[in-house]
Amino acid sequence: MSIADTEKDEIEKSSAPLMEHLIELRRRLIWSIGGFFVAFLVCFFFAKKLFNLLVIPFKWATQWAGLDPHKVELIYTAPQEFFFTQVKLAMFGGMVIAFPLIATQIYKFIAPGLYKNERNAFLPFLIASPILFLMGASLVYFFFTPMVMWFFLAMQQAGTDDQVQISLLPKVSEYLSLIMTLIFSFGLVFQLPVVTSLMTRVGMLSSKALAEKRKWAIVIAFVVAAILTPPDPMSQIGLAIPTIILYEVSIWAARLIERDREKQKVARDKKEAAEEMAAKAPDEPPAPAAS
């Protein structure tokens, strides 16, 4: 058999596993896209009700500002604006709803290539990620958005003889963009403990390194907050402070992981020492009998 025939046989043998992986990938993509599409249709059907739910924090802010929450008004200035706003809302809601399914499909695709201990280590983070995202989104909905809108409402100006009346009339698209940006920013920041814990578990980070970089982390937190949030100090401070707190939580989680790893190492060393002693025991000469 020639060298060319040998190489051809090796290629044909390796193509079978590749095709299996591609078929598996296609199946996981179909499930993910299908789940997102179904969630998108459901969210689009209830888009107006969902938008009214997102306006509730604005009503709370109006009440805090001493205004009538029943007179909250949003506008759209282009005929197609509210329609595309509903499409964006449905896409955002569909991604949030379908995320557990998408994450599960990703895990099922990569799980066969992981060892059992790696799968057991990865699964808790897969569960914690959507929970932390919902915590960040809840903080935005119940506290941060009302606070930001109250700050903007305080800039209104009542009309008098020497002053023109300046009122806040948000566009539906701009209000949705604001609250989506805040939810995405906080949800992303709340993944910090998950990311740092995974990096610590694989040995890319340590609690000592995280603690030493604390000053830089505080600076970066404010820079990231300035990029991700609207250009007002309340939004930036409101995102930077939870980021710093989550960084401290990440240091604590890294220490727990290192402590658990050290315990496992000690237990493994003891087990190996016991097995080594048990293996040497039959080879040792018997003790002399007592006279």
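Working carefully through the options ALA121, ALA111, ALA154, ALA158, find the one that is over 22 Å from PHE184 (Cβ atoms), modelled with pLDDT under 85 and crowded, with 16+ Cβ neighbours inside 10 Å. Write out each step before concluding.
Values: ALA111 fails: crowded, with 16+ Cβ neighbours inside 10 Å; ALA154 fails: crowded, with 16+ Cβ neighbours inside 10 Å; ALA158 fails: crowded, with 16+ Cβ neighbours inside 10 Å.
So the residue among ALA121, ALA111, ALA154, ALA158 that is over 22 Å from PHE184 (Cβ atoms), modelled with pLDDT under 85 and crowded, with 16+ Cβ neighbours inside 10 Å is ALA121.
Each row is one residue, and each column tells you yes or no for (1) in contact with a Gly (Cβ under 9 Å, 6 or more places away or on another chain); (2) modelled with pLDDT under 90; (3) aromatic (Phe, Trp, Tyr); (4) under 29 Å from ALA78 (Cα atoms).
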| residue | (1), (2), (3), (4) |
| --- | --- |
| GLN163 | no, yes, no, no |
| SER173 | no, no, no, yes |
| LEU178 | no, yes, no, yes |
| LEU188 | yes, yes, no, no |
| LEU192 | no, yes, no, no |
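Give me the helices (runs of 4 or more DSSP H) completely within region 185-258, filtered to those with at least 2 residues that are under 16 Å from the mean Cα position of the chain (by Cα), ordered by residue number. Before you say what the answer is, go through the steps one by one.
Numbers: elements: 192-201, 207-212, 214-228.
Because the criterion is at least 2 residues that are under 16 Å from the mean Cα position of the chain (by Cα), the helices (runs of 4 or more DSSP H) in region 185-258 that meet it are 192-201, 214-228.
Does region 79-99 contain at least one residue that is in a loop (DSSP other than H, G, I, E, B), surrounded by 13 or more Cβ atoms within 10 Å (Cβ to Cβ) and at pLDDT below 95?
Of region 79-99, the ones in a loop (DSSP other than H, G, I, E, B) are 79-80.
Among the residues that remain, those that are also surrounded by 13 or more Cβ atoms within 10 Å (Cβ to Cβ) are: none.
No, because not a single residue in region 79-99 is in a loop (DSSP other than H, G, I, E, B), surrounded by 13 or more Cβ atoms within 10 Å (Cβ to Cβ) and at pLDDT below 95.
I need every pair where a residue in region 120-143 that is part of a helix (DSSP H, G or I) has its Cβ under 7 Å from the Cβ of a residue that is exposed (fewer than 15 other Cβ atoms within 10 Å of the Cβ), sequence separation at least 6 or different chains.
Listed by first residue and then by second, the contacts come to PHE122/LEU114; PRO130/PRO100.
Conditions tested, residue by residue: (1) exposed (fewer than 12 other Cβ atoms within 10 Å of the Cβ); (2) under 24 Å from the mean Cα position of the chain (by Cα); (3) modelled with pLDDT of 85 or more; (4) not assigned by TED's automatic domain parsing to the domain that holds GLN86.
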{"site": "ALA16", "(1), (2), (3), (4)": "yes, no, no, no"}
{"site": "HIS21", "(1), (2), (3), (4)": "no, no, no, no"}
{"site": "SER32", "(1), (2), (3), (4)": "no, yes, yes, no"}
{"site": "PHE44", "(1), (2), (3), (4)": "no, yes, yes, no"}
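Based on this model, can you work out whether ALA103 counts as in contact (Cβ under 8 Å) with a residue 12 or more places away in the chain and buried (at least 18 other Cβ atoms within 10 Å of the Cβ)? If you could, list the steps in order and put the result at the bottom.
Numbers: in contact (Cβ under 8 Å) with a residue 12 or more places away in the chain: yes; buried (at least 18 other Cβ atoms within 10 Å of the Cβ): no.
Criteria not met by ALA103.
Do we find a residue being exposed (fewer than 13 other Cβ atoms within 10 Å of the Cβ) and among the aromatic types (Phe, Trp, Tyr) anywhere in region 207-224?
yes
Within region 158-194, work out how many residues are out of contact with any helix residue (DSSP H, G or I) (no Cβ under 8 Å at 6 or more places or on another chain) and either assigned by TED's automatic domain parsing to the domain that holds ALA128 or more than 21 Å from VAL96 (Cβ to Cβ) (or both).
11
Residues that are within 24 Å of the chain's Cα centre (by Cα) and outside the structural domain of THR196 (by TED's automatic domain parsing): does region 60-74 have at least one?
In the first step, residues of region 60-74 are kept if they are within 24 Å of the chain's Cα centre (by Cα); the result is none.
No, the conditions are met nowhere in region 60-74.
The values are calculated or read from the model by the stated rules, or taken from the named source; none is laboratory data. As the structure is a prediction and not an experimental result, all values here were calculated from the model. Quick reminder, even Gly has a Cβ in these numbers, built from the backbone with ideal geometry, and neighbours come from all protein chains shown.
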